[in-house]
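Below is one structure, written out as structure tokens; the observations come after it.
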2 protein chains.
Amino acid sequence: MHPTRPAPATPLPRLCATLCVLFLSAPALGARTAAAPAAAAAPEAVAAQLRDAALAGQTIAYAWVSELTSRFGPRPAGSVNERQAAEWAAARFHDLGFENVHIETFPVTAWVRGAESAQIISPLTQPLVVAALGESPPTAAAGLEGEVVMFASFEALKAAPAGSLSGKIAMVARRMVRTQEGAGYAAAVVARTDGPGEAARRGAIAFLLRSVGTDSHRLAHTGTTRYVDGRVPVPAFALSGPDADQIERLAALGETVRVRLHSSASYVQDAHSQNVIADVRGRERPQEVVLLGAHLDSWDQGTGAVDDGTGMAIIIAAAKLIRDAPQRPRRTVRVVLFGSEEVAQPVAPYGAFGGHAYAGSHKAELASHVLAGESDSGADRVYRLELPQAVLQGEFAKTALRVLDPIGVLGAPRPPEEAGTDVGPSVEAGVPSFALNQDASSYFDIHHTADDTLDKIDQEQLDQNVAAWAALVWLAADSDVDFRTHAGTPPPPP
Amino acid sequence: MHPTRPAPATPLPRLCATLCVLFLSAPALGARTAAAPAAAAAPEAVAAQLRDAALAGQTIAYAWVSELTSRFGPRPAGSVNERQAAEWAAARFHDLGFENVHIETFPVTAWVRGAESAQIISPLTQPLVVAALGESPPTAAAGLEGEVVMFASFEALKAAPAGSLSGKIAMVARRMVRTQEGAGYAAAVVARTDGPGEAARRGAIAFLLRSVGTDSHRLAHTGTTRYVDGRVPVPAFALSGPDADQIERLAALGETVRVRLHSSASYVQDAHSQNVIADVRGRERPQEVVLLGAHLDSWDQGTGAVDDGTGMAIIIAAAKLIRDAPQRPRRTVRVVLFGSEEVAQPVAPYGAFGGHAYAGSHKAELASHVLAGESDSGADRVYRLELPQAVLQGEFAKTALRVLDPIGVLGAPRPPEEAGTDVGPSVEAGVPSFALNQDASSYFDIHHTADDTLDKIDQEQLDQNVAAWAALVWLAADSDVDFRTHAGTPPPPP
């Protein structure tokens, strides 16, 4: 989607030089900082400078995602690649000067994609591009064959009578709608999560899904499915868009389509995943935490560059900019790289997922987690800020939007509808959440496909994200606003 | 690349109605045609009307490529799909009213892609997206492993000393340049055709190539390679662009990259391919032939929609428009759907290819083949007309360009540099050639990949091609211009 970036991964920061120059070149602030580092500049001015520093050539974010994806490639939950990437990330956090850096492990059952293939075997012979859905069981070694029964929607599948799919392969052909904020995904994904169960309930021997995606390439979009009695009940596969088209056209020509499916997917029962935690310790109220999340694991077909390499890169670069500011914020900024996000169903035998594990092991601290947000919608620009209900109308929001408006971020008139999978369990436990919504118009072209690789990242868009996060998180962490109730002192006007 | 077209393949023509209305609605011509069908309208006026009929809703072209690719999918040379598609095409030609419809077979050794896979095995584990190059031999059943030695260009590989690649896997990393007329392909493809031989000569156990393509997707571009002593000497694979990027980045990080490669490709020695021939018989000089070529076979990963389903669709629709005009042209218009174009090396044991077979079996007629052209550059618009040297400056060219200019076709100042693989052997035997150059800027994003499927076709662009071909071919076939010498009478001015 973007020109290939031939540059190799570069060593991490030349940031400090950049940032120091920027700080020192701002006359009023520079003078004040030089005279008395403890006498903070106006928070809004610092936020604006962090924003501008992010845009002016910070090298943390792109270097992070470049080196991470180059050195560790795909990082499926419970894999060696995921673990080694976590160890590398912890070491990098140390190098970058973060505090409280550590890894927290938790058990998972890992799902391992095997060999997989699919063919139309009648009325013609043609290979199909498929991806087994996450955690779906293997077929018999010889594969399975059946007639395809096509449904225009998940609702149509649910309307099929009991037993009507005996010995057949159910297929849901619905197309995902392209939207900016991602609503098309929410509307489409239910067929992926619940389709295998509904198909099996009606006797189907397997489930096929037109990929939940907006592209038209021969690349299938994988993703997790809902367990029924602790397992995915039938082999389940996503078809690439053009392959789904082909089956639809044959059906429209009056042909009965038979396909052969094979998967040798397997499970590793005693695997583990891990969260990587790193803090920028607050100068006044270090026990109060602004929690920033992204996930370290990825699906196995691509290298998780935009899902969620960029999310990590954005929050790490933002936190590093804040860490290197002349003065620490009042509160602690905590970065958590969550494990096992893509397999987010805490049921036996799959174990926990990262967001669940964090909320459990940090339960006692959540009351002093003042705000949480996660970055997990790709690499495109932020266009909207969602804040907790309590602060939607107050000075905090006005200040934040003054800083973010110049980089194209609007204020949303309502709080986030959902916090995201990583910080979700903490938010359910009472932590207020914010969101910096990214433009997701193109995200679902590559989401959960082999095409999720470094070349898809536009560095300018990435840096705009860092700018928005650095500014917003600084304002939250340097304030004493209570995002639950909006008590506390808002930042002073500029 | 284009929105998915949900419509199923439609039955073939509603063309006659459309064309008749158009002809009758042109007052002068309509009157003349009605009064005396044998008294032809001015050829330029007819050419303009054919052009406009093509743009106004002919349904031949898209229906052809839709039904062909839906019913027969991939059509590799020597396959059942290719043969069945040829039989279907011949039946369709009969239905459309073509004459002299027949199939001419010739022997080939078919190459059959098997299971294939590749992984980086050190310094990390990562699956790679590859495609075995056409006719390349299988690996041992267990695959092969080796260290990758990277070359920035084919010239750099050729500069490597004898024996320097013993036990290694040679890789050429050069990127193809995107160009409108396809020159980037010519500059890049030598590494594919000659790379395996040069690598083997220096001791390499396998050959890897950054795909000859301009996209950045996890899809590898296959293609044929040059035989050395009648065979491809080592297993040879194309890597997708992002996979080549990854190996380059690891090398730039100082890592030694080892990969495992596997292919179970095989050969079928007693296969055959075939050309499908169909004529629109000329009314005055039927022995004089304007030859239109495209190829029926395709690579096996996609369904050959734009390579070369659209080429067939364009020439067939153009010929059908000419056939259904109120008066036949003076000369015969011959459509040949060539077999085995993608495997175009007539050496043992691979046998002939379609263009070679046609030129051989029609040798005696080639002296009365007055002009030849082929359509094999995708589905984008025609932007330039290349004519034989003899007629570059004359009235024929002026007339043709008056008709083609309104649909965005420029005149080239020189004749075609090459005629194309299908009609090439006939052209080498003396038949003059023309070309209607298509914009190939995006063609090499999908060329020879699994992404070559129906959804990539823009019907408006396709119809512009039909318009250009119908108009130009009509002018050539209704004239008595000698394209070898430019003797004969040019079309009269309008």
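Here residue B:228 and residue B:91 are evaluated by their C-beta separation; at R0 = 41 Å the FRET efficiency comes out at 0.50.
Determine how many Å³ per residue the convex hull of the Cα atoms of segment A:149-296 encloses.
Numbers: hull volume 26.4 nm³, N = 148.
Convex hull volume per residue, Cα atoms: 178 Å³.
Across every pair of non-identical alpha carbons in segment A:58-187, the mean reciprocal distance, once inverted, gives a Kirkwood radius of 19.6 Å.
Computed about the Cα centre, the dipole magnitude for the protein assembly as shown is approximately 180 debye when only Lys and Arg (+1) and Asp and Glu (-1) carry charge, each at its Cβ. Over all Cα atoms in the protein assembly as shown, the spread is summed up by Rg and Dmax: 31.7, 102 Å.
Our summary of shape: the Cα atoms of segment A:287-400 have principal axis extents of 46, 34, 29 Å, ordered from largest down, in whole angstrom.
Quick one: divide the alpha-carbon radius of gyration of segment A:399-494 by 2.2 N^0.38 Å and tell me what you get. Mind showing how you got there, number by number?
Details: Rg = 15.9 Å, N = 96, 2.2 N^0.38 = 12.5 Å.
Normalised Rg, Cα atoms only: 1.27.
Think of the axis that spins chain A onto B; the A residue whose C-beta lies nearest it, and the distance in whole Å, is A:217, 3.
Pulled fully out, how much extra length does the chain show between residue A:153 and residue A:441, if you take 0.36 nm times their separation in residues and subtract their Cα-Cα distance? Can you show the working numbers first?
Working: separation 288, 0.36 × 288 = 103.68 nm, distance 2.22 nm.
That pair, residue A:153 and residue A:441, stretches by 101.5 nm at full extension.
Label-point spacing at residue A:87 relative to the other copies reads 6.1 nm, in ascending order, each point sitting 7 Å out from Cα along Cα→Cβ. Volume per residue of the convex hull around the Cα atoms, evaluated for segment A:392-436, comes out as 83 Å³. In segment A:431-475, the residues that give up 20 Å² or more of accessible area when the other protein chains are added, compared with the chain on its own (1.4 Å probe), are A:450, A:451, A:453, A:454, A:455. Contact order for chain A, expressed relative to its length and based on alpha carbon pairs under 8 Å spaced 6+ residues apart, stands at 22 percent.
Surface composition of chain B: carbon plus sulfur atoms hold 54% of the accessible area, using a 1.4 angstrom probe and ignoring ligands, DNA and RNA.
Taking a point 7 Å out from the Cα of residue B:428 in the direction of its Cβ, the residues of segment B:193-208 whose backbone N falls within less than 18 Å of it are B:193-194.
The local environment of residue B:71, defined by Cβ-Cβ distances under 10 Å, has a net charge of -1 under the rule Lys, Arg +1 and Asp, Glu -1.
Applied to segment A:257-264, the Karplus parametrisation 6.51 cos²θ - 1.76 cosθ + 1.60 on θ = phi - 60° returns per-residue 3J(HN,Hα) values of 9, 10, 10, 10, 10, 9, 8, 10 Hz, with x for Gly and Pro.
Shielding by partners for B:117-124, please: the mean number of other protein chain Cβ atoms within 10 Å of each residue's Cβ. Show your work: numbers first, answer last.
Numbers: counts 1, 0, 1, 1, 0, 0, 3, 9.
Average neighbour count from other chains, rounded to a whole number: 2.
Of B:467, B:354, B:88, whose Cα points farthest to the positive end of the dipole of chain B (charges on the beta-carbon: +1 Lys, Arg; -1 Asp, Glu; origin at the Cα centre)? Value: B:467. Only lysine pairs 8 or more places apart, or on different chains, with alpha-carbon atoms under 27 angstrom apart are counted in the protein assembly as shown, and they number 9. Using only Cα atoms and rounding to the nearest 10 degrees, what angle (0 to 90) does helix B:459-478 make with the longest principal axis of chain B? Orientation of helix B:459-478: about 60 degrees from the principal axis. Put simply, the amide H of residue A:170, placed in the peptide plane, has neighbours under 5 Å in A:149, A:205, A:206, A:208, leaving out anything fewer than 5 places away on its chain.
The peptide list B:273-280, A:418-425, A:406-413, B:307-314, put in order of mean Cβ contacts within 10 Å with the highest first, becomes B:307-314, B:273-280, A:418-425, A:406-413. Interface residues of segment A:58-80, defined as a loss of at least 50 Å² in heavy-atom accessible area between the chain alone and the complex of all protein chains with a 1.4 Å probe, are A:70, A:71.
If you average 1/r over every pair of different alpha-carbon atoms in segment B:249-337 and take one over that average, what Kirkwood value in Å do you get? Mind dumping the intermediate values first?
Values: mean 1/r = 0.0592 Å⁻¹.
It is 16.9 Å.
Heavy-atom accessible area buried between chains A and B is around 3200 Å² (1.4 Å probe, both sides summed). In plain terms, the bigger the Kirkwood radius, the slower the diffusion; for segment A:45-134, with that radius from Cα pairs, at 4 °C and 1.567 mPa s, Stokes-Einstein puts D at 75 µm²/s.
For chain B, what Kirkwood radius comes out of the mean inverse Cα-Cα distance, in Å? Write out the running numbers ahead of the final one.
Numbers: mean 1/r = 0.0428 Å⁻¹.
Hydrodynamic radius (Kirkwood, Cα only) of chain B equals 23.4 Å.
Each other copy places its own label point for residue A:287 at 10.6 nm from this one, sorted shortest first, where the point lies 7 Å along the Cα-to-beta carbon line.
By DSSP, what percent of the beta bridges with both residues in chain B are antiparallel, rounded to the nearest 5? Could you put the intermediate results ahead of the total?
On the way: 38 of 67 bridges.
About 55 percent, rounded to the nearest 5.
A full extension of the chain between residue A:363 and residue A:410 corresponds to an added length of 13.6 nm, given 0.36 nm per residue minus the alpha carbon distance.
About its Cα centre, the dipole of chain B is roughly 140 debye, where the only charges are +1 on Lys and Arg Cβ and -1 on Asp and Glu Cβ.
In the assembly of identical copies, residue B:159 has its label point, taken 7 Å from Cα in the direction of the beta carbon, separated from the corresponding points by 6.8 nm (ascending, one decimal).
The mean number of Cβ atoms from other chains found within 10 Å of a Cβ in peptide B:209-218 is 4, as a whole number. By DSSP, the beta bridges lying fully in the protein assembly as shown are antiparallel in about 55 percent of cases.
Restricting to segment A:145-288, compute how many DSSP beta bridges are antiparallel as a %, nearest 5. Walk me through the numbers before you get to the answer.
Working: 4 of 16 bridges.
Counting only bridges with both partners in segment A:145-288, antiparallel ones make up about 25 percent.
The values are calculated or read from the model by the stated rules, or taken from the named source; none is laboratory data. Quick caveat: nothing in here was measured; it's all calculated off a predicted structure. We place every Cβ from the backbone using ideal geometry, glycine too, and count neighbours over all the protein chains shown. Note: areas computed on protein heavy atoms with side chains; ligands, DNA, RNA excluded. Shrake-Rupley method; radii C 1.70, N 1.55, O 1.52, S 1.80 Å.
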